[in-house]
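The values are calculated or read from the model by the stated rules, or taken from the named source; none is laboratory data. Note that the coordinates shown come from a computational prediction; the quantities given were computed from them, not determined experimentally. We place every Cβ from the backbone using ideal geometry, glycine too, and count neighbours over all the protein chains shown. In case anyone asks, the SASA skips ligands and DNA or RNA and just uses the protein heavy atoms, side chains included. Shrake-Rupley method; radii C 1.70, N 1.55, O 1.52, S 1.80 Å.
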Amino acid sequence: MGRRLNDSDFGRFALFALFLIGAISCSAVYLFLTVFVRPDSESLPSVEDEGPKEEQCCRGVEHLELWGDAVKWGSQFVLNSSEECCMACKRMCNGDGGPCLCNSWVYCGDREACGSRFGECWLKKQQDALNPDRRDSGDLVMWTSGLVFRKGEEIVGMETDHGILRVKLLPECAPNSVFYILELLALPHCVGCQIHRAENRGNFWDSKGNHIKRTSYGPPFALIQGTLGSHGSIFKDIPKEHCPTIRRGSVAWVGSGPEFFISLADHKEWKNPYTVFGYVLSEDMEILEKISQLSTKSEIWNSIKISILENPVSLRFRRMNTKS
């Protein structure tokens, strides 16, 4: 027959049971906090604090062949995709501010057109990545080409009478768009390039671009709009490329261009219909805020009230980094 528990035994058993219950409870709480509770969004860094995160893109322009000195010969370097070729070039440009060993790449990805050269990846070094040496382009060209900028080289200036907007271009996410901007960069003047619409944040977005709860989404729509169509140049529609959520500082095309806009706020309500090809540095957003306060007149576009500048603001692109 088993021994009957005395008071001392019962006390030890109760103490052990309480300890076991406590340990299980703590484990359950830890598991809940780890798996189900997400960090408060207000504690996360904002776009204004750090700027948009680097996008994981590696794309090029089809039917374009860039020239330049070869640093890796494609006849001896065959890869499965243009993305792999792009990544191989990026690995030779470590992003620490020093010179890139590779700043352009050329890939043959059309099996029928390339024949025995299918998969060739040529890694090249341009003398001037902001003015790349183009050998050929057009529908009959079988090559796809792209650019990789060293750190800081991707920043160009959009000059206005109110200050210079430094724009960080996205050559690996929106290559067609960036090649067009490089064409404008090579012009001494961008005749016709201007900002003609300016709408401030009103009472709907705060100074960091966050939408204020229980308020409208405009008008005003918290954006600057203009055109990058240069008089005397033939503009070719830009295909849709990288379309992330519009954030404060996003520089994007309206449709296929040359109309463009720069957002003064986060516009998650717009979904993802616009090709974003750059971001204005956060330090320069004050220039855009100043432009958004200039005198305007009202017009109706597609039954929507918008604000047109009484005096459009002229634009031109300029280099911000001359280091070779």
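Any idea how far the Cα center of the range 218-265 sits from the one of the range 186-204, in Å? Using only Cα atoms, the two centres lie 10 Å from each other. The label-point distance for Glu286 and Asp237, in a model that sets each label 7 Å from Cα toward Cβ, rounds to 4.2 nm.
Where does each of Val61, Val78, Val254 land when they are ordered by accessible area, with a 1.4 Å probe and the largest first? Working shown, then result.
Working: Val61 20, Val78 95, Val254 55 Å².
Putting Val61, Val78, Val254 in descending order of accessible area: Val78, Val254, Val61.
The modelled label-to-label distance between Val254 and His196, using points 7 Å beyond Cα along the C-beta direction, is 0.8 nm. Protein-only accessible surface at a 1.4 angstrom probe places the residues Ile212, Ile234, Ile306 in the order Ile234, Ile212, Ile306, largest first.
For Val251, the residues 5 or more places off, or on other chains, whose built amide H falls under 5 Å of its own are Phe277, Gly278, Tyr279, Val280. Mean sequence separation of contacting Cα pairs (under 8 Å, at least six apart), scaled by the length of the range 64-147, corresponds to a relative contact order of 45 percent.
Cβ-Cβ distance of Leu101 and Arg318, R₀ of 22 Å, FRET efficiency by 1/(1 + (r/R0)^6): the value works out to about 0.20.
With an a/c value under 1.5 for the gyration tensor axes a ≥ b ≥ c computed over the alpha-carbon atoms, the range 193-324 is described as rounded. Taking every protein chain into account, the 1.4 Å probe leaves His231 with about 130 Å² of accessible area, to the nearest ten. Exposure check, 1.4 Å probe, all protein chains in place: Phe317 carries approximately 10 Å² of accessible surface. Ranking Ile155, Ile195 from most to least accessible surface, computed with a 1.4 Å probe over the protein chains only, gives Ile155, Ile195.
Take every Cα pair under 8 Å whose residues are at least 6 apart in sequence, average their separation, divide by the length of the range 155-319, and the relative contact order is 32 percent. Decide, for the range 265-324, between rounded, prolate and oblate: order the square roots of the alpha carbon gyration tensor eigenvalues as a ≥ b ≥ c, take rounded if a/c falls under 1.5, and otherwise choose prolate if a/b is larger than b/c, else oblate. In terms of gyration-tensor shape, oblate. Note on Arg91 and Lys297: with the Förster distance fixed at 41 Å, the Cβ-Cβ geometry gives a FRET efficiency of about 0.20. The fraction of all Cα pairs in the range 64-147 landing in successive 5 Å bins from 0 to the largest distance is 3, 17, 27, 27, 16, 7, 2, 1, given as whole percents.
Exposure check, 1.4 Å probe, all protein chains in place: Glu65 carries approximately 20 Å² of accessible surface.
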